[in-house]
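Read the structure below first, then the notes.
The values are calculated or read from the model by the stated rules, or taken from the named source; none is laboratory data. Everything quoted here is computed from the prediction, not taken from an experiment. We place every Cβ from the backbone using ideal geometry, glycine too, and count neighbours over all the protein chains shown. Quick note on the areas: whole protein, heavy atoms, side chains included, nothing else; ligands and nucleic acids left out. Shrake-Rupley method; radii C 1.70, N 1.55, O 1.52, S 1.80 Å.
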Amino acid sequence: MTAQVTTPAATAAHEGAEVLALEGVTKHFGAVAALTDIDLTVHRGEVLALVGDNGAGKSTLVKVLAGVHSADSGTITFEGRPVRITSPADAQELGIATVYQDLALCENLNVVENLFLGRELRPGRLDEVGMEIKAWELLRQLSAKIPTVRIPIASLSGGQRQTVAIARSLLGDPKVIILDEPTAALGVAQTAEVLNLVERLRENGHGVVMISHNMADVLAVADTVAVLRLGRNNGVFRVADVSAEDIIAAITGATDNAVTQRASKRTPTAPADHPASASSADGDGDAATSPETDPTPMTNEETRA
């Protein structure tokens, strides 16, 4: 099943211009085709959810955009010009930031130290005051709920750690931010906190690519959903025009799956009202005695007449 619902009208509905586009991107690992002819478009102020089953190619696509892997073929366009991403440094220089699922935070360091790890401000010596001021600026952009930037990461909740990781990605003023399973292993309150962060990123004009398996999260914050199946595109949907069942059908490649079957069982179908058929079956309805269907044989005299 392939569903392409992006139309010129839908494209015009995007809040911002196209910032990142992939066309025909392919990646092989030996004889294995991890990605085949992938097309993808990200706009400013848009949350694009990238979904698919395990092995669909989501992680490979993220690594291609982050510069971990180089695409074998295809075109990547950033802000209207063709680019080639061969290293993480290339991605960062363009303005593509990636927040991986493991967050890559040092639990023994505080918020400021994690934000500036490897990128410390040192005009002659370490500028602790300048880094703390910048840390608060980044956190305020996300409306973060962190009591102090001098608290160790080990003392923060899962949602607060995700906040720090996202804030760190904003240091280079990126145009596109890729979030790999940002709500995985989080509780209800922490998930809501992270989804609020995603909305803040959209409001600030960033293009956001969110990889997720949680359909509720996808439908809550995404504007567009791109489905990958077996390393290929299998549909691009506007969230306002699609249901969770439609997305799952595209992910699994089938319209009749366990989810739709359970949904149909929960919604019983009303019995059809066919009075004519029912009366015919009973043998005592109007249809049984109508002139057209009267089974009484004609007499010989009537036949001669």
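Here are the numbers:
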| quantity | calculated |
| --- | --- |
| Residue ID - nearest to the chain's Cα centre (by Cα), chosen from residues in the range 165-185 that are among the hydrophobic types (A, V, I, L, M, F, W, C) and assigned to a loop (DSSP other than H, G, I, E, B) | Ala184 |
| Residues of the range 107-118 that turn out to be in contact with a helix residue (DSSP H, G or I) (Cβ under 6 Å, 6 or more places away or on another chain) and open to solvent by 40 Å² or more (accessible area, probe 1.4 Å), as a count | 1 |
| Test for Val188: is it within 19 Å of Gln141 (Cβ to Cβ), hydrophobic (A, V, I, L, M, F, W, C) and over 11 Å from the mean Cα position of the chain (by Cα) | no |
| Identity of the residue in the range 162-179, in contact with a helix residue (DSSP H, G or I) (Cβ under 6 Å, 6 or more places away or on another chain) and open to solvent by 30 Å² or more (accessible area, probe 1.4 Å), that ends up farthest from Asn108 (Cα to Cα) | Gly172 |
| Arg150 vs. criteria farther than 27 Å from Val236 by Cβ, modelled with pLDDT of 90 or more, of a type outside the set (Phe, Trp, Tyr) and open to solvent by 20 Å² or more (accessible area, probe 1.4 Å) | yes |
| Single residue of the range 41-72 satisfying the filter (farther than 21 Å from Glu18 by Cβ and more than 17 Å from the chain's Cα centre (by Cα)) that is least open to solvent (accessible area, probe 1.4 Å) | Ser70 |
| Flag if Lys134 is open to solvent by 50 Å² or more (accessible area, probe 1.4 Å), touching a strand residue (DSSP E or B) at 6+ places or on another chain (Cβ under 6 Å) and charged (D, E, K, R) | no |
| Some residue of the range 119-126 being on the phi < 0 side of the Ramachandran plot and either buried (at least 22 other Cβ atoms within 10 Å of the Cβ) or in contact (Cβ under 8 Å) with a residue 24 or more places away in the chain (or both) | yes |
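To keep it simple, each residue is scored yes or no on (1) over 24 Å from Leu201 (Cα atoms); (2) of a type outside the set (Val, Ile, Thr); (3) part of a strand (DSSP E or B).
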| residue | (1), (2), (3) |
| --- | --- |
| Gly124 | yes, yes, no |
| Met131 | no, yes, no |
| Arg140 | no, yes, no |
| Ile146 | no, no, no |
